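Colleague: Below is a structure I'd like to ask you about.
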Amino acid sequence: MSSAALSLRLPREWLEYSRLYFARLMGLSFGTVLTIASARVLEPAGRGEFVALSAAAVLGAQTLNLGLSSSLAVLFSRRPSRIGFYRVYLVYLTVGWATLLSALGVAQLWAHAPLSRAWWVPLAVWVPLQLLGLYQGAALVALQDAKWLSRIELAGRCCALVLGGTALLILGSDLAAFVAAVIAGDALIAVLGAIRLSRVSKVRTARPQRAARFFRSALRLGLRAFPPLVLVFLLIKSDILLLRLMRGAAETGVYSIASQVVDVALILPSTIGTLVLASVVRSSQPAVELLRVLRPAALLIVGLALGMLVFGHWAIVLLFGRPFENAYPALVLLLPAFVCLALQSLISQYFAARGFPLFISIYWLLGLVTNLTLNLLLIPRFGLLAAAASSSVAYALVFGLMWRRFRRDYSVEVARTVQAVSGRPRSASP
């Protein structure tokens, strides 16, 4: 493809990136307002308990997902007509997981387990809703339906803000009511996703035998994506859970504010990665296609990191109050983690297009082991600062390994293209 063609394509693509990015940014603005309100009402201890519960819900959803949402995004991107045949079965699958979790919850209650009273009931509802959102999101990504992706996410955030704010206003520090309000936002996302897919994909439900063959194929591909996905979320969320376990809810609540700031900044690379997957999958030169987007995105990522460094302390104190002031040193130590994780979220789309090779799982496993080891050794003594520094070290390790492999694949891809055109072998590097 000529450079002129690339230059003509880039503005249209970045218009889609910008549209979804600003919609997500607005949605996360609602989430940030809710975070500020909950932090001030629940205080560090209540905030820490909430983020630990939400981390457990995310890990539960990713574990039960078995990589299926990632494989569906790839398979649906290759043939979008499949969505109409199989989307009803995704609802059946979600209902099955909800039934299983409910049965386990009843067993927990019957056994009078302490976890059931505080965590299991909300997890039994929250995890299936997140799973359904993952499945529907995979279908919308395959359709490259950026407009509705943004609308659905924005509506869910708005619902959580209204209901969560009402719960905080009326019931104060009642954590159970606040959790229920946030779960209601995910429920709205699932409902809106189902409505949108029913409009853009005709219901032509496949026979059970055909559906079974398709989902076996999707599961085989998904299981290849499953280890890196679970390892990523374990790496991201393990510091929250370990900090809660070893240092208590209050310090976890302070640390969660630094993590929240990073999450806001990560919207940009995650948005670009979401929309670039389909084009990378369909490209005859996936590494070249990804690198074309990666270069300008890297400049934006570095700019965001510098903005957090300069304005982070002022923003934390102004928005969350003095009790959360110690979140800024943790934020500074998390900035390398942010840059590495943001770039990894883009490079990962290339490896997703390649079918999730095994070495990616090995990279994330090395990162997780590094992070857990450093956290277990340092958190008891240094607390949230150790959690932040350990995350940066682990993400830098994974990014370095992943970038090294991507550079090699890119060089091979370009060399083959040049050789095919000129008949002469030639090397290249990004």
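The values are calculated or read from the model by the stated rules, or taken from the named source; none is laboratory data. Not measured: the values here are computed from a predicted model. Here Cβ is always computed from backbone atoms with ideal geometry, including for glycine, and neighbour counts include all displayed protein chains.
Colleague: Just checking, which of 365, 335, 309 is out of contact with any Lys or Arg (no Cβ under 8 Å at 6 or more places or on another chain) and over 25 Å from residue 261 (Cα atoms)?
Modeller: 365
Colleague: Next up: Report whether or not residue 399 is crowded, with 23+ Cβ neighbours inside 10 Å and part of a helix (DSSP H, G or I).
Modeller: Here the answer is no, as residue 399 does not meet what is asked.
Colleague: Helices (runs of 4 or more DSSP H) wholly in the range 246-339 with at least 3 residues that are among the β-branched types (Val, Ile, Thr), at pLDDT below 80 and in contact with an Asp or Glu (Cβ under 8 Å, 6 or more places away or on another chain) - which ones?
Modeller: Those helices (runs of 4 or more DSSP H) do not exist here; none qualify.
Colleague: Here is a further query. Of everything in the range 351-368, what is part of a helix (DSSP H, G or I) and either surrounded by fewer than 22 Cβ atoms within 10 Å (Cβ to Cβ) or in contact with a Leu (Cβ under 8 Å, 6 or more places away or on another chain) (or both)? Give them in sequence order.
Modeller: Within the range 351-368, 352, 353, 358, 359, 361, 362, 363, 364, 365, 366, 367, 368 qualify.
Listed here are the residues, each with its yes/no results for (1) in contact (Cβ under 8 Å) with a residue 24 or more places away in the chain; (2) more than 29 Å from residue 229 (Cα to Cα); (3) buried (at least 22 other Cβ atoms within 10 Å of the Cβ); (4) under 17 Å from the mean Cα position of the chain (by Cα).
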residue: 315; (1), (2), (3), (4): yes, yes, no, no
residue: 321; (1), (2), (3), (4): yes, yes, no, no
residue: 325; (1), (2), (3), (4): no, yes, no, no
residue: 333; (1), (2), (3), (4): yes, no, no, no
residue: 338; (1), (2), (3), (4): yes, no, yes, yes
residue: 349; (1), (2), (3), (4): yes, no, yes, yes
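Colleague: Moving to a separate point now. Sort out which residues of the range 140-163 are modelled with pLDDT of 80 or more, of a type in the set (Gly, Ala, Ser) and in contact with a Gly (Cβ under 8 Å, 6 or more places away or on another chain), and write them in order of number.
Modeller: Within the range 140-163, 156, 160 qualify.
Colleague: Among the residues of the range 62-73, are any free of Cβ contacts under 8 Å to residues at least 24 places away in the same chain and either touching a strand residue (DSSP E or B) at 6+ places or on another chain (Cβ under 8 Å) or in a helix (DSSP H, G or I) (or both)?
Modeller: No - not one qualifying residue is present in the range 62-73.
Colleague: Can you spot a residue in the range 87-99 that is buried (at least 21 other Cβ atoms within 10 Å of the Cβ), part of a helix (DSSP H, G or I) and at pLDDT below 85? Break it down stepwise before answering.
Modeller: The initial filter retains those residues of the range 87-99 that are buried (at least 21 other Cβ atoms within 10 Å of the Cβ), namely 87, 90, 94.
Among the residues that remain, those that are also part of a helix (DSSP H, G or I) are: 87, 90, 94.
Narrowing further to those that are at pLDDT below 85: 87.
The answer is yes, given that some residue of the range 87-99 is buried (at least 21 other Cβ atoms within 10 Å of the Cβ), part of a helix (DSSP H, G or I) and at pLDDT below 85.
Colleague: Taking into account only those residues within the range 373-430 that are of a type in the set (Ser, Thr, Tyr) and more than 18 Å from residue 338 (Cα to Cα), which is modelled with the highest pLDDT?
Modeller: The selected residue is 373.
Colleague: Test residue 76 against the stated conditions and say whether it is among the aromatic types (Phe, Trp, Tyr), surrounded by fewer than 23 Cβ atoms within 10 Å (Cβ to Cβ) and either out of contact with any Asp or Glu (no Cβ under 7 Å at 6 or more places or on another chain) or modelled with pLDDT under 85 (or both).
Modeller: Considered against the rule, which asks whether it is among the aromatic types (Phe, Trp, Tyr), surrounded by fewer than 23 Cβ atoms within 10 Å (Cβ to Cβ) and either out of contact with any Asp or Glu (no Cβ under 7 Å at 6 or more places or on another chain) or modelled with pLDDT under 85 (or both), residue 76 comes out as no.
Colleague: Among the residues of the range 202-241, which ones are more than 23 Å from residue 347 (Cβ to Cβ), in contact (Cβ under 8 Å) with a residue 40 or more places away in the chain and not charged (D, E, K, R)?
Modeller: 203, 205, 206, 211, 214, 215, 217, 218, 219, 240, 241
Colleague: Among the residues that make up the range 159-177, is at least one of them among the acidic types (Asp, Glu) and without any contact (Cβ under 8 Å) to a residue 24 or more places away in the chain?
Modeller: Yes: one or more hits.
Colleague: Same structure, new question: If a residue has to be of a type in the set (A, V, I, L, M, F, W, C) and surrounded by fewer than 18 Cβ atoms within 10 Å (Cβ to Cβ) to count, how many in the range 149-179 make the cut?
Modeller: Result for the range 149-179: 8.
Colleague: Looking at the range 211-223 only, could you name the residues that are buried (at least 21 other Cβ atoms within 10 Å of the Cβ) and at pLDDT below 85? Give the steps one after another, and end with the answer.
Modeller: Of the range 211-223, the ones buried (at least 21 other Cβ atoms within 10 Å of the Cβ) are 218, 222.
Selection gives 222 alone.
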